[in-house]
Every structure is written in structure tokens, then in C-alpha cells.
1. What would the Debye formula give as log10 I(q)/I(0) at q = 0.10, 0.13, 0.14 Å⁻¹ for the alpha-carbon point model of the chain, no solvent?
2. Can you pull the Rg over Rh of the range 229-387, Cα-only, Kirkwood?
3. Note the per residue figure in Å³ for the convex hull of the C-alpha positions in the range 114-184.
4. Near Lys54, which aspartates and glutamates are there with a Cα under 13 Å away, not counting those fewer than 8 places off in the same chain?
5. Restricted to Cα positions, what overall size does the range 274-343 have along the principal axes? Three whole-Å values, descending.
6. Which helices count as membrane-span-like in the chain under these terms: full DSSP H, at least 30 Å along the axis by C-alpha, Kyte-Doolittle mean of -1.0 or more?
7. Just need the Rg to Rh number for the range 128-233, please, alpha carbons only, Kirkwood Rh.
8. How big is the antiparallel share of DSSP beta bridges in the chain, given as a percent to the nearest 5?
Amino acid sequence: MASSRVDLDGNPIKPITICMIGAGGFIGSHLCEKLMTETPHTVLALDVYNDKIKHLLEPDTNPWHGRINFHRLNIKHDSRLEGLIKMADLTINLAAICTPADYNTRPLDTIYSNFIDALPVVKYCSENNKRLIHFSTCEVYGKTIGCFLPKDSPLRKDPKYYVLKEDESPCIFGSIEKQRWSYACAKQLIERLIYAEGAENGLEFTIVRPFNWIGPRMDFIPGVDGPSEGVPRVLACFSNNLLRREPLKLVDGGESQRTFIYIKDAIEAVLLMIENPARANGHIFNVGNPNNEVTVRQLGEMMTQVYSKVSGEPPLEKATIDVSSKEFYGEGYDDSDKRIPDMTIINRQLGWNPKTSLWDLLESTLTYQHRTYAEAIKKVIAKPVAS
Ligand SMILES: NC(=O)c1ccc[n+]([C@@H]2O[C@H](COP(=O)([O-])OP(=O)(O)OC[C@H]3O[C@@H](n4cnc5c(N)ncnc54)[C@H](O)[C@@H]3O)[C@@H](O)[C@H]2O)c1
């Protein structure tokens, strides 16, 4: 498998050791799986949890046995971090608080996690001349220029006013009272710091801006494999409603527009970055699927139809209900209106394009959700409430 692999310029790919921080999360679990099944690379997997990568760690019979080692640690306070970064050729930092429900309700934790906790990672990479791939977010763009134009302005239809370009688009956030922007702002500052380390100290870096990557193992289903009062990201929120046969909650009418990409397409892009440092270093990459644009309301409607198909259950008569963002997320919430990634840079550098349609990615994801959770949910619902 390993020896015949070549990079985009035809050079043989040498096996490397990757220090992956946040390896136990949604993206990390898919990236570890890809690296174990398709490459010769070794992963030092760092996280507080490992539930989502247990299947890669446990069986001694796995062909990749010995190439992935889990280190349970919290990067906030663990002296092993620098040593692990030094042992690796490349560090990938995925660790973050990255659930919108936390941005305005736990702004301090959000800022610490996305900026302060990432600082030592950047510092150790820079001081030890180690390459860094850092996960930022499409939220760094904030709102589009277009949303400030009058509602009936024809310019709103001009891509110049809403397509998000890594090297041109401004980052437009709301006021400080709108604490929703704590996440985006912390991510932006760490991007600026990494960029400056590259410019002043020669750090070899790549910054990834994911645009709504979704798929199996994303977040948790409240009350089943996460806290019952927890509010995960939209895919898990809607999945939870569908599994419980409740109407989907649409925040502020579900009018925000998003582009969704299948996690497996996005992981292909990350693998290209890992294995083509000469093409990826010094770049910031949007990674999304501009062809899969829908409003959150349309996403809910599609998920309702797809879930009915994969579960065999008829959709509810009233499939959605409207809730205000204040009711759902609390004070200080705000949102990006629209997020369409420009793909010029990633196309030029890595020749990558997403493949999976929204319909197909929802079908495969909801098949997984139904298979994994439907029985567990029935048991939770059937349990009598303790008096
Ligand atoms: N999924 C997306 O569409 C998306 C969109 C934008 C940005 N991102 C970014 O990508 C990265 C990964 O996202 P994800 O969707 O996999 O999130 P996730 O929450 O599933 O994974 C993050 C992982 O980091 C770990 N972690 C957090 N703090 C840690 C600490 N102090 N020490 C050790 N481990 C810690 C968590 O335990 C978790 O397993 C994040 O930086 C996120 O901001 C993701």
C-alpha cells in the first residue's frame, strides 16, 4: 500500500509521524481512519476522549496496529505536549470548543480554548521547526458584505458581495455584546499569530477553514451519548429531533444559508495538504462544497425526507417549528447570513474538488444515525421518569 504512493508532483511519499491534537473528535476520527487505512503514516493521537477512535485503537489484529497511539491529555495543562510535538514531523491542531451554543453562553471558555490553549502549540511548532496544520473556521469571515446592502439591491445577487475568498474577503463581526463572535474572533487572532510566526520566524504552516463539514460521528445525541440538556451543532440537533419524532426547531426562521460538505470529501483535501507540504505551506484554504447551498430550513426539510426514506417511518405532519435565537441560544446570539467558499486557491494548489451531493451525504449520514441511535432512543423514551 505504502511504497507506491506519490505526491501531486510525482515524488514518492515518505512515511511521517503526525501529532494530532483533538484526534478523538468528529474530524479527527475520520482523519485517523483515513491515515490508518490508506497511508503508511504514524499518528500520535492526543485528546481528552477517545470514544470516536476506539475502533482504531482496540483490536491488536488491525493491520495498522502500532501506527496509532492514543495519549489522553488536556493541552491546557500537560507538560507532555512539547515532547509529543517534538517527536512528530507534523502537528495538526483540531482541539477547540466549536459548538455555536457555547459561543455566547461560555464565551470565556470559547476564547481560551480557541486562542489561549492553541498558543503553546504554535510556539512549540515554531521553536522546534515543526510543520503545523491548524484548523480555523469559515466563521472568521463573519457576515457577508451583501447582507448590509438594502434588501432589494440587485448587488445582493453579485458574487463579489458574498463569495468568501481567503485572500480578499474582510472579516465582519458584530458588536462585542454579541458574544456569538467570541469564537470567530479567537480563531481569527490565532490565524493572525500563525501567519505572523510564518512571516517573522519561518514557521511552516497551513490554515484550514472548514465550511460546515458533516457526516457520521458528528457531535452527540443529547441524552444518549451526551448531556440531555446539551445543544450540539445543527446536524445532530435535527437528527435528535428526527430520532425522537419531534418537529425540527428552526432558529429565527432557518433563513441562514450554508454550504454543507461530506466529511469524507473534506478529509481527502486534508490528506492532500499533509502529503504535499510544498504546495500547502503558507496557505489558508477554504474547504467546502459551494454546490451544496441551502437555507437551514431547506436542510431540515431534506433531512426529514431522507430520514423517512432510511427509517421507513412517515414524516411528521408538522415537520418544523420556529424558535427565536434568544429562546434557543440565549442572549448575545447572532449569525452569519450566508457562507459560500471560493475554491480558487485549493483548486490551484491541490487540484481538489468536492464530489458528494447534499442528498447523498444526508442519506449516508442519516442511515448511520438511524442504525446507531434508533434503538437507544426508544429505550430512553420508554424509561419512566423518576419521581
Ligand atoms: N466540523 C466542522 O464543520 C467545523 C467547522 C469549522 C471549524 N471546525 C474546526 O475544526 C476543528 C475540529 O472540529 P470537530 O468538528 O472535529 O470538533 P469536535 O468537537 O468533534 O473535536 C474537537 C476535539 O478536540 C478535543 N479537545 C478540545 N479541547 C481540548 C483540550 N484542551 N485538550 C485536548 N483535547 C481537546 C475535544 O475533546 C474533541 O474531541 C475545530 O478546531 C473546529 O473549530 C470544524
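1. Results for the chain at q = 0.10, 0.13, 0.14 Å⁻¹ read -0.67, -1.16, -1.35.
2. Expressed as Rg/Rh, it is 1.04.
3. Taking only Cα atoms, the range 114-184 has a hull volume of 105 Å³ per residue.
4. Cα-Cα hits under 13 Å: Glu33.
5. So the extents along the principal axes, rounded to whole Å, are 54, 37, 18.
6. 358-382
7. 1.06
8. Taking every DSSP beta bridge with both residues in the chain, the antiparallel ones total about 10 percent.
Read the figures in this text as sums done on the coordinates, not as results from a lab. Since we're looking at a predicted model, the values are computed, not measured. For neighbour counting, all protein chains shown are included, and Cβ atoms are generated from backbone atoms with ideal geometry for every residue, glycine included.
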